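Participant: Questions regarding the structure given below will be posed in turn.
The values are calculated or read from the model by the stated rules, or taken from the named source; none is laboratory data. Quantities reported herein were computed from a predicted structural model and do not represent experimental measurements. Don't worry about glycine lacking a Cβ; one is built from the backbone with ideal geometry, like all the others, and counts go over all protein chains shown.
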Amino acid sequence: MVPIPWSQVRYWRCTGCGICCMYYNVTLKFDEWLRIVQKFGIGVTEAGLNKLYLAKKTDGSCIFLSKSNGVYYCMLQDMKPLACKLWPFKILSRPKYGRSREAEFNYKGRRLYVYVDPFCPEIRLGKPTPIMISKVIPEFIEIALGIRKQQIYTTGNFLPRIQINKNLYRLI
Ligand code: SF4
Ligand code: SF4
């Protein structure tokens, strides 16, 4: 779907519904691909035209998407690709999707353009809340710029941790 400027989004919070993990291809950077292949084998990835992806199950969902008691989990949590961490936000240095004034975001004096994919069902339109401006978007920007790894406001991980199969996996 056509991404919309962040200034049109009142609030977003990931509920771990799993929809993005069912319908989107996850592109991998080479170092992400290498780490994943070293741990899980080549079969969990796919190669496209000049791109590397996570493989999909026969139903089209990500090979690392799991469901337990009606709740979806990412089995790749500690190696989650950048593309997954940033979804449904897009942090750009140019206004690729137009409406530049609405998409502009000042991050510590640096001009960036922030868009949100409305395919995520948890997007709420309206005037952005203070927490969107002060916490959510800055965290997405810091992840995109590579100055932050830990996700707090940009994931459903604040929900309870659950133990499955000896390993601790968090919500998407
Ligand atoms: S980012 Fe959106 S679509 Fe993806 S799991 Fe979270 S709420 Fe669902
Ligand atoms: S968040 Fe996890 S389950 Fe979802 S697409 Fe990314 S790797 Fe797959």
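Participant: Looking at L86, L112, can you tell me which residue is under 25 Å from K127 (Cβ atoms), touching a helix residue (DSSP H, G or I) at 6+ places or on another chain (Cβ under 7 Å), of a type in the set (A, V, I, L, M) and touching a residue at least 40 places away in the same chain (Cβ under 8 Å)?
Facilitator: Numbers: L112 fails: touching a residue at least 40 places away in the same chain (Cβ under 8 Å).
On inspection, the qualifying residue turns out to be L86.
Participant: Sticking with this structure for a sec: Looking at (1) aromatic (F, W, Y); (2) over 23 Å from I152 (Cα atoms); (3) assigned to a strand (DSSP E or B), which one does W33 not meet, given that it meets all the others?
Facilitator: Tallying (1) aromatic (F, W, Y); (2) over 23 Å from I152 (Cα atoms); (3) assigned to a strand (DSSP E or B), W33 fails exactly one: (3).
Participant: Could you go through the stretch 80-87 and let me know if any residue there is over 16 Å from L28 (Cβ atoms) and surrounded by 19 or more Cβ atoms within 10 Å (Cβ to Cβ).
Facilitator: Step one: filter the stretch 80-87 for residues over 16 Å from L28 (Cβ atoms), giving none.
No, every residue in the stretch 80-87 fails to be over 16 Å from L28 (Cβ atoms) and surrounded by 19 or more Cβ atoms within 10 Å (Cβ to Cβ).
Participant: With respect to the numbered conditions (1) at pLDDT below 95; (2) within 20 Å of L145 (Cβ to Cβ), which one is the sole condition not fulfilled by N69?
Facilitator: (2)
Participant: Does S61 count as buried (at least 17 other Cβ atoms within 10 Å of the Cβ) and at pLDDT below 95? Full working, then the answer.
Facilitator: Details: buried (at least 17 other Cβ atoms within 10 Å of the Cβ): yes; at pLDDT below 95: no.
When the stated conditions are applied, S61 does not pass them.
Participant: Can you pull out the residues in the stretch 4-23 that are hydroxyl-bearing (S, T, Y) and within 9 Å of ligand 1 (Cβ to nearest atom)?
Facilitator: Taking the stretch 4-23 first, the residues hydroxyl-bearing (S, T, Y) are 7, 11, 15, 23.
Answer for the stretch 4-23, where residues must be hydroxyl-bearing (S, T, Y) and within 9 Å of ligand 1 (Cβ to nearest atom): T15, Y23.
Participant: Quick one: in the stretch 24-60, which of the residues that are closer than 21 Å to C120 by Cα and under 15 Å from the mean Cα position of the chain (by Cα) is nearest to ligand 1 (Cβ to nearest atom)?
Facilitator: Across the stretch 24-60, the extreme among qualifying residues is Y24.
Participant: Of the conditions (1) among the hydrophobic types (A, V, I, L, M, F, W, C); (2) surrounded by fewer than 18 Cβ atoms within 10 Å (Cβ to Cβ); (3) modelled with pLDDT of 95 or more, I4 satisfies every one except a single condition; which number is it?
Facilitator: (2) is the only condition that I4 fails.
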